[in-house]
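Derivation of every value follows stated rules applied to the coordinates shown; laboratory data play no part. It should be emphasised that the depicted structure is a prediction, and the values quoted were computed from it without experimental measurement. Every residue, glycine as well, gets a Cβ built from its backbone with ideal geometry; the counts of neighbours run over all protein chains shown.
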Amino acid sequence: MGDSRGRASASAAGKVWLVGAGPGDAELLTLKALRAINTADIIFYDYLVSADIRALFPSHIPAYYVGKAKNQHSIPQEELNQLLVTQARAGLNVCRLKGGDPFVFGRGGEELLALRSAGVVAEVIPGITSASGCSTYADIPLTHRGLSQGCTFVTGHAEKRLDVNWNALAQLNHTLVFYMGLTRADEIASQLLAGGLADDTPVAIIENGCRSDQRDIISNLRDFPAEVIRAQVKSPALIIVGEVVRMKEKLQAQVQLHGADAQYLLA
């Protein structure tokens, strides 16, 4: 990485911030996250950190991509953990920037454990998780009285089949949000149908959520795997299953009735 110490003291150990960058819109960064970005000596950022957020990186602070796109890992997780430890021990204050929230399918726990096990001072700065940000920008409340009694987050990332109690999920009366689930669309649909969910249960697929090119595709549990293919949906994308998806049409109808001032607008 060269001599990237910047303002770091050569005699003192540095600190690592595990920072949630939120789902994409730079204006959804927290003040604390922005402070960590601006005061770090070096930044390591993930695949899901948007271009708008990267544009906020100070030009004098070196920034390195360490992301994990599907089948394209820039660095193994164990090596990344050691890299963070090494940089902090060299006296650098490190901003480890992650999409969404570090503790929601972000491997934040793994990195924090590695850092603290090595005696490195580390702090987690939470971010808006994709389920919350993307659903809001799509006009889909995750919970709504009379429609959903809760919300369950599920990862679609697994080497083989998903280790999920599908029958329990289907009976929860919860909104179900699947992260990284595009390649598991057939499995998600078939298992939830087998668990008892109706085939007309509404499904939303949100591509590039909280970004200027966000795309919302509405379907149902029976048809959405085919819709993913037909619409050529690309990652990052979120899958929302549940009756709350019907709220989008109702809320959009109010926009048509009362004008754009009633709508969430991306700046």
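Please give the FRET efficiency for S235 paired with R89, using the beta carbon to beta carbon distance and R0 = 45 Å, rounded to the nearest 0.05.
Given R0 = 45 Å and the Cβ-Cβ separation, E is 0.85.
Checking the a/c ratio against 1.5 first, then a/b against b/c, what shape does the Cα gyration tensor give for the range 74-128?
Verdict is prolate for the range 74-128.
Is there a pair in K160/K234; K15/K68; K98/K250 whose C-alpha atoms are over 25 Å apart, and which pairs would that be?
K98/K250
With θ set to phi - 60°, apply the Karplus curve 6.51 cos²θ - 1.76 cosθ + 1.60 along the range 56-69 and write out the HN-Hα couplings as whole Hz, x wherever there is a Gly or Pro.
8, 4, x, 5, 8, 9, x, 10, 10, 7, 10, x, 10, 7
Toward the positive end of the charge dipole of the chain, about the Cα centre and with charges on Cβ (Lys, Arg +1; Asp, Glu -1), which of L92, G181, L112 goes farthest?
L92
Just the number, please: Stokes-Einstein D of the chain in µm²/s, Kirkwood Rh from C-alpha pairs, 20 °C, 1.002 mPa s.
108 µm²/s
Taking θ = phi - 60°, what integer Hz values does the Karplus form 6.51 cos²θ - 1.76 cosθ + 1.60 yield along the range 208-220, in sequence order, with x for Gly and Pro?
Once rounded to whole Hz, the list reads 6, x, 6, 10, 5, 9, 4, 10, 10, 10, 9, 8, 9.
How would the range 15-128 be classified by its alpha-carbon gyration tensor: rounded, prolate or oblate, with rounded meaning a/c under 1.5 and the a/b versus b/c comparison settling the rest?
Note, shape of the range 15-128 comes out rounded.
Please list, in chain and number order, the residues 5+ apart from N220 or on another chain whose amide H is under 5 Å from its amide H, with Hs placed from the backbone.
Result for N220 returns V203.
Please work out the Cα center distance from the range 208-248 to the range 106-142, rounded to the nearest Å.
Cα centres, the range 208-248 to the range 106-142: 23 Å.
Under a plain spin-label model, where a point goes 7 Å from the Cα along Cα-to-Cβ, how far apart in nm are S59 and H258?
Taking the simple label geometry, S59 and H258 are separated by 4.5 nm.
Taking the chain as a Gaussian network, Cα atoms linked when under 10 Å apart, which of S135, S235, S74 shows the biggest mean-square fluctuation?
Maximum among the listed residues: S74.
Quick one: which residues, 5+ away or cross-chain, put their amide H under 5 Å from the amide H of V124? H built at 1.01 Å from N.
L18
Each residue of the range 123-128 in turn: what ³J(HN,Hα) in whole Hz from Karplus with 6.51, -1.76, 1.60 and θ = phi - 60°, glycine and Pro shown as x?
Result, rounded to whole Hz: 9, 9, 10, x, x, 5.
Under the rule of -39500 (n - 2.57) per DSSP H run of 4 or more residues, summed and divided by the residues of the chain, what mean residue ellipticity at 222 nm is obtained, to the nearest 500 deg cm²/dmol?
The helix contribution divided over the chain gives -8500 deg cm²/dmol.
Roughly what would the spin-label model give for K160 and N220, points 7 Å off Cα along C-beta, in nm?
3.4 nm
If I model a spin label at A168 and E243 as a point 7 Å from the Cα along the Cα→Cβ vector, what separation in nanometres do I get?
2.3 nm
Could you sort 164-175, 41-52 so that the peptide with the highest average Cβ count within 10 Å comes first and the rest follow in order?
So the peptides 164-175, 41-52, ranked by packing, come out 41-52, 164-175.
If we restrict to alpha carbons, what Rg and Dmax does the range 85-180 come to, in Å?
17.3, 55
First check a/c for the range 113-267, with a ≥ b ≥ c the square roots of the eigenvalues of its C-alpha gyration tensor; if it is under 1.5, answer rounded, and if not, answer prolate when a/b is larger than b/c or oblate otherwise.
oblate
Would you mind getting me the FRET efficiency between D186 and R35? Use the beta-carbon distance for r and R0 = 45 Å, nearest 0.05.
After rounding to 0.05, the efficiency reads 0.55.
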